[in-house]
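The values are calculated or read from the model by the stated rules, or taken from the named source; none is laboratory data. No experiment lies behind these values; they were computed from the predicted model shown. Note that each Cβ is placed from the backbone with ideal geometry, even for glycine, and that neighbours are counted across all protein chains shown.
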Amino acid sequence: MSQLVLYRKYRPQLFAEVINQKTIINTLSNALLQGQVSHAYLFTGLRGVGKTTVARLLAKALNCQGRKPNQFEPCNKCESCKAIKAGNSLDLIEIDAASNRGIEDVRSLKENIKFPPVSSKYKIFIIDEAHQMTKEAFNALLKTLEEPPSYVVFILATTEPDKLPATILSRVERYDFKKLNLDDIIGCLKNICKQEKIKFEDEALRLVALHSEGGLRDAQSLLGQISLVTDKNITKKSVEELVGAINFEKIKKFIIYLAKKDKEKALEFINDTYDEGYDLEVFNKETLNYLRKILLLKISPSLGKILEKETTNEEMAVLFKQAESFDTPYLEKLLKRFIEIQIQLRRTPIPTLPFELCISEEL
């Protein structure tokens, strides 16, 4: 099973299956029960946190032919629900604004709006990546939002709501989706592994979840990819090899050299890491996150609660100990330099050079 099929197979078909968006689901559920349907919604949040999934669930519930007045969940059995799940509903139009962003596309949309739904109560338009629409397209859409037909519902989804004009924002009902926490993503991955009979190491799933950066879709896709490569036996090593992840122990060693200001060892480490085939952008990103954790603990031990979801007890003990080896100004200077390195890595002809300059100048 491909990673794409794996993601689609486990896409939530009920509001109750959506994770870590309780406030949004409760609000939409109450609106459905009370029949208070908005003509335009805006779903914002990071990629892979459920915006499009919830948009489709809302569309399904609005047009469900089997949903009772005292229910908000779609029945998933009627013709409308089946058509939406299969992706061939004539009354649900999904538009990717990244590739259909111009004025002509919106004019076509406006023409489509003139015609009532074919077999449903509502004609629903989901516009993904809405922030990528042109200014002219937004102006055309605005006129439609001002006086939409009673049978039309718009759902705009975006990762960058600040790029939408204020005139559009003022005419939509906005929902901000939260980044998913590590435990929720790991729980979903474990459930998929159980269903698909995939063997796994706990630390391997933790790495997959960390790499997804709060996006369930990315985590599920990566899980599917690794399960294919490893013949359904996912180990920590296989995840590290596929995504170029740098494990905690490796970063810890580098941090020791930084704390001791050991230039020679630090320079050798960087070049060895590069020679071993690690992606230095990934390495730098994980080094930044490691130093960030130390900084938080340095500021106040109580800030350790922020790190609990992404750090084991053993790792936390190591971080507390390493925090004692740094003074705050030096730590802050390193963090700033490694942020600069992240930018420089995209332009440098010699991948190790930004690290070498930093180590030479700061240690």
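Tabulated data
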read-out	value
Residues of the stretch 75-93 classified as within 21 Å of Pro116 (Cβ to Cβ) and touching a residue at least 40 places away in the same chain (Cβ under 8 Å), total	2
Tally of residues being within 15 Å of Lys333 (Cβ to Cβ) and crowded, with 16+ Cβ neighbours inside 10 Å across the stretch 289-302	4
Subset of the stretch 347-363 [closer than 13 Å to Leu280 by Cα and in contact (Cβ under 8 Å) with a residue 12 or more places away in the chain]	Pro351, Thr352, Pro354, Phe355, Glu356
Qualifying residue in the stretch 263-270 (condition: modelled with pLDDT under 90 and either within 21 Å of Lys178 (Cβ to Cβ) or not aliphatic (A, V, I, L, M) (or both))	no
Condition met for Tyr274 (more than 24 Å from the chain's Cα centre (by Cα), hydroxyl-bearing (Ser, Thr, Tyr), in the same structural domain as Leu357 (by TED's automatic domain parsing) and surrounded by 18 or more Cβ atoms within 10 Å (Cβ to Cβ))	no
Val208 vs. criteria touching a helix residue (DSSP H, G or I) at 6+ places or on another chain (Cβ under 7 Å) and under 30 Å from Arg337 (Cα atoms)	yes
Candidate set from the stretch 77-113 (those that are surrounded by 15 or more Cβ atoms within 10 Å (Cβ to Cβ) and touching a Gly at 6+ places or on another chain (Cβ under 9 Å)); member that is modelled with the lowest pLDDT	Glu94
Members of the stretch 223-242 found to be within 17 Å of the chain's Cα centre (by Cα) and either buried (at least 24 other Cβ atoms within 10 Å of the Cβ) or among the acidic types (Asp, Glu) (or both), listed by number	Leu223
Set Ala137, Ala61, Ala130, Ala157: member being hydrophobic (A, V, I, L, M, F, W, C) and farther than 25 Å from Ile24 by Cα	Ala137
Considering residues of the stretch 31-43 that are touching a residue at least 12 places away in the same chain (Cβ under 8 Å) and in a helix (DSSP H, G or I) only, the residue nearest to the chain's Cα centre (by Cα)	Leu32
